[in-house]
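Input: one structure, supplied below.
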Amino acid sequence: MKATLAVTLVLVALRSSQDTPAQLAKRFKEEDLLSTWVYQDLSAGFAQARRTGKPLLIVFR
Amino acid sequence: MLDQFVCVRMVEIDEVDLALFDYDTDLSWSTMFMNADRVIYGRYGTRAGPNGYRDITLEGFKKAIEGALELHRAYPANRASLLGKAGPPPKWKTPRAIPQMRGKSAGCFHCHQIHEGEVRSLWSGRQPVPDSLLWKYPPPDSIGLAMDPRERAAVLSVAAASPAEKAGFQPGDRVLALDGQPVISVADLQWILFNAKETVRIRAEVDRGGQKVELGLALTPGWRRKGDFTKARSSWWLQLSLFGFLCEPLPDADRRAAGIPDRSLALRVGDVVGSMKLASLQVTQVSTAAQRAGLQKGDVIVAVDGKTAAMTPSEFIAHLLQKKGPGLTVGLTVRRGGKPQAIGLAFDRALPP
């Protein structure tokens, strides 16, 4: 679900004028841009960042 | 690379802390990078021109992500250089606190409504609407830089006689830092320009062929006005809801045919709306100032309050917002069918909350 959301999100938001959706999805897979997402919960995001030591990437869309 | 982040998607922004989440809300997609200490690493997402989607690319986004990871690995040693990426305390803490937004139902806010609400709230409250708010997030071309959307912040070209040219920027320069802040995207440049004073000298650090070069960017009064904010979604709604019409520069060929000199005002009226219900803001207006005044599509505005000097659409809208408030009238002279006609644009005394 979250991986699908990630793909959908990035596909819709970063549609390159040169790439078809299929080409874009292939590039995402090859370039390992998929991950899991926290949905509409900043508190959970910051808590996870504190726990894991990872930075946050917050998309407003 | 995304697995090195905690990725969060926000679709409803009613209660976000605007002191922390300060980004170009006119974009339909925007990203902020930060850490658990709420220290911001950078922003990604820009619209340098009317076709905004040319300005964001997968390549550029990936490079911004790499930049954010570099900054994270260097944290907290680089903390001091990152503090400028958060702005001063905002006038309103959350979108819902903005007066013109209070009537909206929860969950219905669109990002572009934040800026629209800010301007409407100030204008309807007869408070100053500064250039820094109207020309929000100035694109790099405001200072003469065209940037490569596939890179973090690489210069494609430099406009002649621009502040950037005078500072010594060259095509191919990669901007590493501006005003002491590390830059990982064009959005970061826009953030720094957004917060820059009207008159200021900003230090820039660029990579030029592998060598670090320091430049001094001098900004002088009026530099923001080189940009065009009328294409932003919030501006479109503002123009229609507050004034009832859009306008654009009269094309050169039409200007010559009409005998209007280059340095004279010539803005052609586009769509004129009559009654309109702004469902997004739950505002219903019986009629607009433009409709009441009899302004028509195709009219060419050649004077505003007696001023005939050329103005861009942005400067024209700024004049209306900064010089005229609710209940006041602005005097326009328009050409209709080749003949001059006086139009008095009377603004409503108060906007519905």
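Does segment B:230-252 hold any residues that are small (Gly, Ala, Ser) and either out of contact with any helix residue (DSSP H, G or I) (no Cβ under 8 Å at 6 or more places or on another chain) or part of a loop (DSSP other than H, G, I, E, B) (or both), and which are they?
First pass over segment B:230-252, keeping only residues small (Gly, Ala, Ser): B:232, B:234-235, B:241, B:244.
B:Ala232, B:Gly244, listed by residue number.
Could you identify the single residue in B:Lys323, B:Lys339 that is under 13 Å from B:Trp123 (Cα atoms), open to solvent by 40 Å² or more (accessible area, probe 1.4 Å) and not acidic (Asp, Glu)? Can you show your working first?
Values: B:Lys339 fails: under 13 Å from B:Trp123 (Cα atoms).
It is B:Lys323.
Do we find that B:Leu71 is under 18 Å from B:Ile184 (Cβ atoms), aliphatic (A, V, I, L, M) and out of contact with any Asp or Glu (no Cβ under 9 Å at 6 or more places or on another chain) in this structure? Even if it seems obvious, please write down each step before you answer.
Working: under 18 Å from B:Ile184 (Cβ atoms): yes; aliphatic (A, V, I, L, M): yes; out of contact with any Asp or Glu (no Cβ under 9 Å at 6 or more places or on another chain): yes.
Here the answer is yes, as B:Leu71 does meet what is asked.
Do we find that B:Glu151 is over 20 Å from B:Ser81 (Cβ atoms) and part of a helix (DSSP H, G or I) in this structure? Lay out the reasoning, then the answer.
Values: over 20 Å from B:Ser81 (Cβ atoms): yes; part of a helix (DSSP H, G or I): no.
For B:Glu151, the condition - over 20 Å from B:Ser81 (Cβ atoms) and part of a helix (DSSP H, G or I) - is not met.
Against the definition (within 16 Å of the chain's Cα centre (by Cα), open to solvent by less than 30 Å² (accessible area, probe 1.4 Å) and modelled with pLDDT under 95), how does B:Leu133 come out, yes or no? Step through it out loud before you land on a result.
Values: within 16 Å of the chain's Cα centre (by Cα): yes; open to solvent by less than 30 Å² (accessible area, probe 1.4 Å): yes; modelled with pLDDT under 95: yes.
So B:Leu133 passes the test.
Can you pull out every residue in segment A:39-61 that is in contact with a helix residue (DSSP H, G or I) (Cβ under 8 Å, 6 or more places away or on another chain), surrounded by fewer than 22 Cβ atoms within 10 Å (Cβ to Cβ) and not charged (D, E, K, R)?
Filtering segment A:39-61 for residues in contact with a helix residue (DSSP H, G or I) (Cβ under 8 Å, 6 or more places away or on another chain) gives A:39, A:54-59, A:61.
Among the residues that remain, those that are also surrounded by fewer than 22 Cβ atoms within 10 Å (Cβ to Cβ) are: A:39, A:54, A:59, A:61.
Across segment A:39-61, the qualifying residues are A:Tyr39, A:Val59.
One line per residue, one yes/no per condition, for (1) open to solvent by 70 Å² or more (accessible area, probe 1.4 Å); (2) more than 9 Å from chain A (Cβ to nearest Cβ):
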| residue | (1), (2) |
| --- | --- |
| B:Leu27 | no, no |
| B:Gly42 | no, yes |
| B:Lys63 | no, yes |
| B:Ala77 | yes, yes |
| B:Ala86 | no, yes |
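Follow-up question, since we're still on this one. What's the number of the only condition in (1) closer than 30 Å to B:Phe316 by Cβ; (2) exposed (fewer than 15 other Cβ atoms within 10 Å of the Cβ) that B:Leu219 fails to meet?
Of (1) closer than 30 Å to B:Phe316 by Cβ; (2) exposed (fewer than 15 other Cβ atoms within 10 Å of the Cβ), only one is false for B:Leu219: (2).
Now, a different point. Does segment B:147-175 hold any residues that are of a type outside the set (Lys, Arg) and open to solvent by 40 Å² or more (accessible area, probe 1.4 Å), and which are they? Give the derivation first.
Taking segment B:147-175 first, the residues of a type outside the set (Lys, Arg) are B:147-149, B:151, B:153-165, B:167-173, B:175.
Listed by number, the residues that qualify are B:Leu156, B:Ser157, B:Ala159, B:Ala160, B:Ala161, B:Glu165, B:Gln170, B:Pro171, B:Gly172.
Checking the conditions here, which among B:Ala177, B:Ala187 is closer than 25 Å to B:Leu69 by Cβ and part of a helix (DSSP H, G or I)? Give the derivation first.
Values: B:Ala177 fails: part of a helix (DSSP H, G or I).
Just a single option satisfies the conditions, and that option is B:Ala187.
Would you check if there is a residue in segment B:300-309 being at pLDDT 90 or above, under 18 Å from B:Leu250 (Cβ atoms), of a type in the set (A, V, I, L, M, F, W, C) and open to solvent by 30 Å² or more (accessible area, probe 1.4 Å)? Spell out how you get there, then give the answer.
Applying the first criterion (at pLDDT 90 or above) to segment B:300-309 yields B:300-309.
Filter again for under 18 Å from B:Leu250 (Cβ atoms), leaving B:300-304, B:307-309.
Those left that are additionally of a type in the set (A, V, I, L, M, F, W, C): B:300-304, B:309.
Pick out the ones that are also open to solvent by 30 Å² or more (accessible area, probe 1.4 Å) and you get B:309.
Within segment B:300-309 (the criterion being at pLDDT 90 or above, under 18 Å from B:Leu250 (Cβ atoms), of a type in the set (A, V, I, L, M, F, W, C) and open to solvent by 30 Å² or more (accessible area, probe 1.4 Å)), the answer is yes, since at least one residue qualifies.
The values are calculated or read from the model by the stated rules, or taken from the named source; none is laboratory data. Every value quoted in this text rests on a predicted model; they were computed, and no experiment measured them. Note: ideal-geometry Cβ built from the backbone for every residue, glycine included; neighbour counts use all protein chains shown. Surface accessibility is based on the protein's heavy atoms, side chains included, excluding ligands, DNA and RNA. Shrake-Rupley method; radii C 1.70, N 1.55, O 1.52, S 1.80 Å.
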